[in-house]
Amino acid sequence: MDSSPLTATDTTLIEHASEINERAFDPDFFDGAHIVAAAIRTTNGDMFSGVSLPANTGRASTCGEPVAIGSAIAAGNRYDQIETCVAVEHPMPYKEIDEPSVIPPCGTCRELLADYGEDIRIIVPVDGENRGARAIDLLPTRTW
């Protein structure tokens, strides 16, 4: 996978998602279920966020990335104005991290992001550092 170093605006997007993540985490809801906050930056520099929505029925659960995309679209942006996306997970007691960390999108979210733009920049961890990659490059194959 080709990736590139982060820009200052990428770092700002990660910080934004981390702040949303901290606000959204509720240790009492679903026993502090895995919480992910995602942030989208549009071509005009606006940022939109979303959080994962855990549910007792797994299929009803929703990742943070589609919620963030929905927020951007609901605000009047077009799909082709989505420029960058990042997802940040809340530190969980069973992990040895004490601050939010960037995580790659799940397979379904990778497909969704590529649907909205193969060139959307996705911030992902690569060999211990956060880097940017194109949405389409996060998919092994795509036949449509």
Q. Which angle between 0 and 90 degrees, to the nearest 10, do you get for helix 64-74 versus the longest principal axis of the chain when only C-alpha atoms count?
A. 60
Q) Hey, rough spin-label estimate for residue 118 and residue 136, points 7 angstrom out along Cα→Cβ, what's it come to in nanometres? A) 0.2
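Assuming R0 = 22 Å, what is the FRET efficiency of residue 11 and residue 92, from their Cβ-Cβ distance, to the nearest 0.05? Each step should come with its number before you reach the end.
On the way: r = 23 Å, r/R0 = 1.06.
So the FRET efficiency works out to roughly 0.40.
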(Q) So, for the chain, what is the accessible surface per residue at a probe of 1.4 Å, expressed in square angstrom? (A) 55
(Q) Taking the 0 to 90 degree range and rounding to the nearest ten, how far is the long axis of helix 107-116 tilted relative to the main principal axis of the chain, both from C-alpha atoms? (A) 40
Q: Mind checking which of 125, 56, 29 is farthest towards the positive end of the chain's charge dipole, using Cβ charges of +1 (Lys, Arg) and -1 (Asp, Glu) about the Cα centre?
A: 56
Q: On a 0 to 90° scale, report how tilted helix 8-24 is relative to the longest principal axis of the chain, with both axes built from alpha carbons and the result rounded to the nearest 10.
A: 30
Q: Rounded to whole Å and sorted largest first, list the principal axis extents of the Cα atoms in the chain.
A: 39, 31, 31
Q. Going 7 Å from the Cα of residue 73 in the Cα-to-Cβ direction, what parts of region 97-122 have a backbone nitrogen less than 19 Å from that spot?
A. 105-122
Q | Accessible-area composition of region 75-130, carbon plus sulfur, in percent [1.4 Å probe] | A | 45
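The values are calculated or read from the model by the stated rules, or taken from the named source; none is laboratory data. Note that the structure is a prediction, hence the values are computed from the model and not measured. For neighbour counting, all protein chains shown are included, and Cβ atoms are generated from backbone atoms with ideal geometry for every residue, glycine included. Note: accessible area is taken over every heavy atom of the protein model, side chains too, but ligands, DNA and RNA are not part of it. Shrake-Rupley method; radii C 1.70, N 1.55, O 1.52, S 1.80 Å.
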